[in-house]
Amino acid sequence: MTQLAQYLVGGLATGSLYALVALGVVLLYRSSRVLNFAHGDIATLGTFVAFTLLGRKLPFSLAITGGLAAAALVGVLFFFFVLRPAKEASLLGKIVLTLGLALVLSGAVQVVWGTDTLVFPFPLSDTRVHRIGQVVVSETSLGTIVTGIVLMTLLYVLVQGTKIGLAMRAVAQNADAAQALGIPARKIYALTWALAAALGGAAGVLLAPVVYLDPFMMLDPFLKGFAAAVMGGMDSLPGAVLGGFLLGIAESVFAGYISFKFKTTMAFAVIILVLLVRPEGLLGRVYHRRV
Amino acid sequence: MSAPEAARAMDKPLLRVSNVETAYYGRLTVLRGVSMEVLSGQVVTILGSNGAGKSTLLKTIMGYIPDQPDKGTIEVLGRRVNGWDPEDIARLGVAYIPEGRGIFPELTVHENLRLGAYPRGDGAVASDFEEMEVRFPILRERRRQFAGTLSGGEQQMLALARALMSRPKLLLLDEPSLGLAPRIVGEVFCIIREIHAAGTAMLLIEQNARQALGVADYGYVLESGRIVLEGISTRLEADPNVQELYLGMVREESVKGFRRFKVRRRWA
Ligand SMILES: Nc1ncnc2c1ncn2[C@@H]1O[C@H](COP(=O)(O)OP(=O)(O)OP(=O)(O)O)[C@@H](O)[C@H]1O
Ligand SMILES: [Mg+2]
């Protein structure tokens, strides 16, 4: 029992990372149907920028803000200078453009920061632990879970509870109709890119103390986050969160009880299972956009 | 010159479209030199068969077709809006209800209404809500429901109410009666009359020519991207070609192509 609780805690920590990544993917997908393959690399860049700012002796909070802002900026610039001019391109064309961005960013990170692993100075420790009953939680895990949940709550409040969030949802459903009401659709898209990129950056920063920094650190979390998004229904923000946590927990429990080596295989087995039973994803809805 | 015609000559138009040519993808020409006006407080209707370019005209006015119009000028409230984004044209005080109504299916009725007032910062938004819900009781009833679950007629009411939430100076309507049962069509036109009575100018596109000419002050007939006829609506109603083509009054010839050909020639 304690053991299971222990694995669940571990699963919640990785799950909240996956959920953050998945939220970024879903935010963009549901507003413009673009799958952002550069999501992981934007996050990596943000994390490295935060690392450099920390090296410049900036306070932790400022360095992180700087890193997330850098990620957001890359997202916004990509939207305005690549996606907008290519607005006549097909969806597939746009997706290929994000793939291009991924390669460019990954190359840039390797050139600027090198390919050696770096240690990200994180204020929380992986070895200092808290005990909840018999269950041991490291400071990092706890920090990751709490930060993840705080960010998800903030996003929820923004999207569901503010005027700008309402405009985001409107643009996602029918951008033309939103424009007819005076909603600046382009700015809303740019904001969505910024938000998605910053969420990815946050996941990168939370991951950094666990895996060390290297240019490919986000590859696995990106794929998992993407998978979590698909499992959740691609269109649904709560679905992304649910998918992320389920995937994290499934992986952790499987790794603990059965095989650490095959935890990723198992994770994808879960996804396949979900999609077999519910092709539209856990919380996905089949609805047709009106044109 | 009749009184409305004299008014047209003197008043400054809310909307003036001059010699507009629009092509899709830069080469598929749909509008071939359209000129028309809407004066303040007027309802103007555009009649035309399927594919004549009526929707294209509205989309061009609202700035939806990239890099169009090719030629000509569009003025809204005296400002040239060629090349503007739709949201900026909307913010001048133009509300546009597209063909298919453009409601947000996965937002609640209430959220849809709120979005109508999106650019407004004044304090009267709340009281306008009240007013809309009194005027459209169904919207109060369905407040928390997703707009996509409303019936077609209810969706049209929502689209109208949402457009009114922006307190428009000019309302562009693309076939508001499309797909509605006759009784609901009557209701929609009732509301259009009310909006007219309140002094809001409208550009109304309709297949339902009888109803449209019934509310309109002035009308244009669009054929293959050209205005072939215009006039105050009572005069259009009396025009034999309009009667035959748009009001469904049958005369002896009934072969469609033949009829068309003859009519075209008369207009030329
Ligand atoms: N997005 C588009 N791309 C290319 N051609 C288009 C597009 N939209 C409309 N057209 C063409 O432009 C012409 C006019 O279309 P439009 O929709 O303006 O007609 P309409 O008068 O509104 O007809 P209806 O009464 O059927 O709504 C048609 O021949 C149509 O095929
Ligand atoms: Mg049309």
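The values are calculated or read from the model by the stated rules, or taken from the named source; none is laboratory data. All figures in this text were calculated on a predicted structure; none of them were measured in a lab. With ideal geometry, Cβ positions are generated from the backbone for all residues, glycine too; neighbour counts draw on all protein chains shown. Quick note on the areas: whole protein, heavy atoms, side chains included, nothing else; ligands and nucleic acids left out. Shrake-Rupley method; radii C 1.70, N 1.55, O 1.52, S 1.80 Å.
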> Across peptide A:80-91, what mean number of C-beta atoms from other chains lies inside 10 Å of a residue's C-beta?
Replying inline: 0
> Amide H to amide H, which residues 5 or more places from B:A23 or on other chains are under 5 Å from it, using H placed in the peptide plane?
Replying inline: B:V30, B:D70
> If Lys and Arg each add +1 and Asp and Glu each add -1, what is the summed charge of the other residues whose beta carbon sits under 13 Å from the beta carbon of B:S166?
Replying inline: +3
> Roughly what % of DSSP beta bridges within chain B run antiparallel, to the nearest 5?
Replying inline: 60 percent
>> Before I look further, what does chain A give for accessible area per residue, probe 1.4 Å, in whole square angstrom?
In response: 45 Å²
> Ballpark to the nearest 100 Å², how much total accessible area do B and A bury together, probe 1.4 Å?
Replying inline: 2300 Å²
> How big is the gap, in Å, between the Cα center of the stretch B:60-116 and the Cα center of the stretch B:33-55?
Replying inline: 16 Å
> In debye, nearest 20: dipole of chain A around its Cα centre with unit charges on the Cβ of K, R (+) and D, E (-)?
Replying inline: 700 debye
> Nearest 20 debye, what's the magnitude of the dipole of the protein assembly as shown about its Cα centre given +1 on Lys and Arg Cβ and -1 on Asp and Glu Cβ?
Replying inline: 420 debye
> Can you give the net charge of the other residues whose Cβ lies under 10 Å from the Cβ of B:G78, counting K and R as +1 and D and E as -1?
Replying inline: +3
> By the scheme Lys and Arg +1, Asp and Glu -1, what is the net charge of all other residues having a beta-carbon under 14 Å from that of A:E139?
Replying inline: +1
>> I want to verify the translational diffusion coefficient of the stretch A:12-216 in µm²/s; compute it with Stokes-Einstein, Rh as the Kirkwood radius over Cα pairs, at 4 °C and 1.567 mPa s.
In response: 73 µm²/s
> Looking at the square roots a ≥ b ≥ c of the eigenvalues of the Cα gyration tensor of the stretch B:89-206, which shape do they give, rounded for a/c under 1.5, prolate if a/b is larger than b/c, or oblate?
Replying inline: rounded
> When the helix-only estimate is applied to chain B (DSSP H runs of n ≥ 4, each -39,500 (n - 2.57), divided by the residue count), what is the mean residue ellipticity at 222 nm, nearest 500 deg cm²/dmol?
Replying inline: -11000 deg cm²/dmol
> Any idea how many Lys pairs in the stretch A:12-216 come in under 29 angstrom at the alpha carbon, given 8 or more places apart or on separate chains?
Replying inline: 5
> With all protein chains present, how much of the accessible area of chain B (probe radius 1.4 Å) comes from carbon and sulfur, to the nearest whole percent?
Replying inline: 50 percent
> Between the stretch B:140-160 and the stretch A:58-90, how many Å separate their Cα centres?
Replying inline: 38 Å
>> Please list, ordered by chain and number, the residues whose modelled amide H lies under 5 Å from the amide H of B:L172; skip anything fewer than 5 residues away on the same chain.
In response: B:A95, B:Y96, B:I97, B:L203
>> Using only DSSP helix segments of four residues or longer, with each worth -39500 (n - 2.57), what per-residue ellipticity at 222 nm results for chain A after dividing by its residue count and rounding to 500?
In response: -24500 deg cm²/dmol
